[in-house]
Amino acid sequence: MYKEYGKEKIISLIKSDAPTFLDAIRKELGISPAEFEQGWKTYLANKFGS
Amino acid sequence: MNSKVIIAVTAIISLLIGMGLGIGAFPRIETVTSFITKSLTQSITLTSMITSSVKVVEFQRMTATRTVTKIPETVTITKTLQPLTVTVTSFVTLKEITEIYTTSWLTIENEYFVVYYHPGYEADAEKALECAMWVRNNTMNKYPHTLNVKVEIYLYSNREEIMEKEGCPTAISHVGVSGGVLTTAKIGILRPSWEGHWGGYEQLDHPFRRVLNHEYAHIPFYYHLYSKKKGYTDPPSWFSEGLAEYISGNYLPSYEERVREAVLRGSYTIDEPYS
């Protein structure tokens, strides 16, 4: 996540004024939580070969 | 308390100790804390455990130079204590005097940190301060931040003490924010020379520094989180803990195994994949 989005985005995610963490992902990373989760699953699948 | 009274008290204490009376034979006055901090000029010799000598260097202030001998370590501590108007009406016990030396905190500090440690652990304190600066620089590279208070680091001597005082086995951080301002930044952690387990990090090099970095990384994180005027304040633990682990460079073999199992089971979610 850190390498994918960089420290500026991560810090903005922490400081976000969005009402929920999932809203903050939308606002600060510019993707939906579903897209975020799919990216995470793809990363894991590639890493662990499942 | 005038010097004659003090000398008399000292002489009586020394005499009683010298006579080899048991601890229970000492009548009680006040707690050792009040005795040590209020009565200034004293010279107490407790068998071979502690030698303490104190002298008044100016009105209502004093410099206490203590030599604490704890085999095999010998350390010298210089502290400035506060005034000395007290009437000693009886005597502290040997046990109480011993406890003040083993439970009181001493400090060393620099621009960014204050390290609290117990007498006899000066080498740990210096090591902790050195590690803290490394940790700050390492964190700054990945998470630039500014803290308006010094981070206090409390070094606990053993597992029992940190469990009693902090309710955790290895380390914990505390962040206080009031009105958007950071008021408290504190880390409680086992001393660097602790040779027991470090929550798994003993498998890696520099376990103290790793754990200290993890806890330190939480401080700017929660400071920024809690100082917001509005917005969420309850991130999922994978985000807060994962970021702390990433910043501190902590990758235990068991992590990958747990994630691999979760992937195979499909049992993780974006809200709490570690739960």
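Since every read-out is calculated from the coordinates, none of them should be taken as a lab result. Note that the coordinates shown come from a computational prediction; the quantities given were computed from them, not determined experimentally. We place every Cβ from the backbone using ideal geometry, glycine too, and count neighbours over all the protein chains shown.
Annotations
- Dipole magnitude for the range B:105-255: computed about the Cα centre from +1 point charges on Lys and Arg Cβ and -1 point charges on Asp and Glu Cβ, it is near 700 debye.
- Peptide B:231-239, shielding by other chains (average Cβ, 10 Å cutoff): 5
- Remark: mean inter-chain Cβ contacts per residue of A:16-22 equal 5, using a 10 Å Cβ-Cβ cutoff to other protein chain atoms.
- Checking the cross-link pairs A:Lys27/B:Lys228; B:Lys165/B:Lys228; A:Lys41/B:Lys230; A:Lys9/B:Lys230; B:Lys127/B:Lys186; A:Lys27/B:Lys230 against a 20 Å limit on the alpha carbon distance flags B:Lys165/B:Lys228; A:Lys41/B:Lys230 as lying beyond it.
- Amide hydrogen proximity for B:Gly120: with H placed 1.01 Å from N in the peptide plane, no residue at 5 or more positions away or on another chain lies under 5 Å.
- The helix-based estimate of mean residue ellipticity at 222 nm for chain A, built from -39,500 (n - 2.57) per DSSP H run of four or more residues and divided by its residue count, is -21000 deg cm²/dmol to the nearest 500.
- Computed from backbone phi with θ = phi - 60° and the Karplus coefficients 6.51, -1.76 and 1.60, the 3J(HN,Hα) list for the range B:142-159 is 9, 9, x, 7, 10, 10, 8, 10, 6, 7, 8, 10, 9, 9, 8, 6, 7, 4 Hz; x is used for glycine and proline.
- With q set to 0.15, 0.17 Å⁻¹, the log10 of I(q)/I(0) for the range B:107-249, from the Debye formula over equal scatterers at the Cα positions, is -0.72, -0.93.
- Amide proton proximity set for B:Ile153, modelled H, under 5 Å, gap of 5+: B:Val114, B:Val115, B:Tyr116, B:Ile187
- Here the range A:2-48 is described by how far its Cα atoms reach on the three principal axes: 35, 20, 13 Å, from widest to narrowest.
- Formal net charge of residues neighbouring B:Ser173 (Cβ-Cβ distance under 9 Å; K, R +1; D, E -1): 0
- Taking every residue in B:244-257 and counting other chain Cβ atoms within 10 Å of its Cβ, the average works out to 1.
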